[in-house]
Amino acid sequence: MTEALKKVAVITGAGSGLGAATARRFHRDGWTLVLGDLRAEGVGALAQELGATALTCDVADEDQVAALVAAAVERHGRLDCMINNAGILGAIGPVGRTPARDFNRVLDIMVSGVFYGTKHAANAMGEDGGVILNTASLARIGAWANHSYTTAKHAVVELTRSTAVELASRGIRVNALAPGNVVTGMTSSLSGGKKAAHDRALARNPVPYVCTADDIADAFAYLAGPSARGITGQVLVIDSGLSTAVVPPAYHQAEDRFVD
Ligand SMILES: NC(=O)c1ccc[n+]([C@@H]2O[C@H](COP(=O)([O-])OP(=O)(O)OC[C@H]3O[C@@H](n4cnc5c(N)ncnc54)[C@H](O)[C@@H]3O)[C@@H](O)[C@H]2O)c1
């Protein structure tokens with residue numbers, strides 16, 4: 001991207017994991033960045049490294065999301081891409097013991113947060129249109145032992161699809177990414193460390209490869225770029241084949257036989 005074409009992106013949950021990798025990738029591609037995260041420390045250090053703007057922002061609070069988007073427009077005069085990425089794992093466990101406040105907090109962050117980001121980004125995007133990208137999950141495809149997370153990621157996909165249809169006439173494309181297991185702070189804390197998270201994912205993936213945050217960042221960069229100009233309302237699954245495998249990969253290596 002040349003200086004003359006410099007475009008502006010806002011990324012939420014940019015302080016670590018997929019959001020941070022995406023910020024680095026967009027920076028390399030020449031984007032001007034406004035980064036938001038609930039935790040000031042990580043996003044502040046990254047913004048300093050990339051020469052970006054950092055704002056502390058709880059995406060569950062509409063005013064804070066509006067302020068994040070407004071900062072992009074006030075400082076840089078435009079908004080071209082909004083990445084609604086912030087998320088938490090939230091309440092894990094049996095539905096009968098899930099506290100309502102925990103369930104609702106997950107939906108506030110991962111459903112309302114995406115709605116606020118989409119709403120304020122769409123209002124801020126000008127005649128050139130733009131791109132809105134949402135982080136969904138494989139939990140959108142199959143149920144997972146985390147009811148609030150599964151519910152939220154299904155909702156993110158349907159919000160992606162419905163807003164994609166409405167905003168298409170304004171030249172705004174809306175798509176989602178559904179990562180499989182990527183080793184980040186989120187998955188490491190669930191699995192008991194980075195190595196355990198990696199090994200657990202590797203054992204389940206048909207492709208013997210665990211996608212990295214950089215793989216997800218590359219996909220965000222593709223969907224934000226002109227090569228994806230005809231793509232909207234879609235969910236791009238990046239999971240080393242995990243969601244396609246109804247049976248474990250080893251099943252296909254079983255002894256040859258014909259069963260009648
Ligand atoms: N890592 C994976 O395997 C995986 C798979 C599928 C989907 N995802 C999704 O990717 C996104 C990023 O997750 P990650 O794996 O990079 O995890 P992560 O924990 O490394 O990063 C999440 C970031 O979001 C921030 N955040 C949390 N709550 C926030 C809030 N209310 N407002 C603003 N920021 C907030 C955190 O501070 C953190 O910096 C999430 O939406 C997650 O559900 C991750």
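Summary of values
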| item | result |
| --- | --- |
| Entirely in the stretch 61-157, the helices (runs of 4 or more DSSP H) that have 2 or more residues that are closer than 27 Å to Arg170 by Cβ and small (Gly, Ala, Ser) | 62-76, 113-124 |
| Residue count, the stretch 113-127 (criterion: away from the ligand (no atom under 12 Å from the Cβ) and of a type outside the set (D, E, K, R)) | 9 |
| Output for the stretch 38-66, where each listed residue is acidic (Asp, Glu) and more than 16 Å from Ala217 (Cβ to Cβ) | Glu41, Asp58, Asp61, Glu62, Asp63 |
| Selection from the stretch 128-143 of residues that are away from the ligand (no atom under 15 Å from the Cβ) and surrounded by 20 or more Cβ atoms within 10 Å (Cβ to Cβ) | Gly130, Val131 |
| Failed item in (1) away from the ligand (no atom under 15 Å from the Cβ); (2) exposed (fewer than 15 other Cβ atoms within 10 Å of the Cβ); (3) in contact (Cβ under 8 Å) with a residue 12 or more places away in the chain; (4) of a type in the set (Asp, Glu), with Glu41 passing the rest | (1) |
| Answer residue from the stretch 153-164, given it is open to solvent by 20 Å² or more (accessible area, probe 1.4 Å) and under 14 Å from the mean Cα position of the chain (by Cα) and is nearest to Gly117 (Cα to Cα) among those | Leu159 |
| Within the stretch 165-224, tally of residues that are hydroxyl-bearing (Ser, Thr, Tyr), open to solvent by 70 Å² or more (accessible area, probe 1.4 Å) and modelled with pLDDT under 95 | 1 |
| Top-ranked residue of the stretch 242-257 - restricted to ones that are small (Gly, Ala, Ser) and not in a loop (DSSP other than H, G, I, E, B), ranked as modelled with the highest pLDDT | Ser243 |
| Qualifying residue in the stretch 91-112 (condition: on the phi > 0 side of the Ramachandran plot and either of a type outside the set (Asp, Glu) or within 11 Å of the ligand (Cβ to nearest atom) (or both)) | yes |
| Considering residues of the stretch 5-19 that are of a type outside the set (D, E, K, R) and open to solvent by 10 Å² or more (accessible area, probe 1.4 Å) only, the residue nearest to Ala197 (Cα to Cα) | Gly17 |
| Residue, nearest to the chain's Cα centre (by Cα), within the stretch 23-38, restricted to residues that are among the small types (Gly, Ala, Ser) and either within 28 Å of Asn104 (Cβ to Cβ) or surrounded by fewer than 20 Cβ atoms within 10 Å (Cβ to Cβ) (or both) | Gly36 |
| Residue check for Arg28: charged (D, E, K, R), free of Cβ contacts under 8 Å to residues at least 12 places away in the same chain, more than 14 Å from the ligand (Cβ to nearest atom) and within 25 Å of Leu223 (Cα to Cα) | yes |
| Selection count, the stretch 44-70, where residues are among the small types (Gly, Ala, Ser) and crowded, with 19+ Cβ neighbours inside 10 Å | 4 |
| Any pair with Cβ under 6 angstrom, 6 or more apart, that starts in the stretch 189-209 at a residue that is touching a residue at least 24 places away in the same chain (Cβ under 8 Å) and ends at one that is part of a helix (DSSP H, G or I) and more than 14 Å from the ligand (Cβ to nearest atom) | Pro206/Pro249 |
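The values are calculated or read from the model by the stated rules, or taken from the named source; none is laboratory data. Predicted, not measured: the structure shown is a model, and the values here were computed from it. We place every Cβ from the backbone using ideal geometry, glycine too, and count neighbours over all the protein chains shown. Protein only, heavy atoms only, side chains kept; ligands, DNA and RNA dropped before computing areas. Shrake-Rupley method; radii C 1.70, N 1.55, O 1.52, S 1.80 Å.
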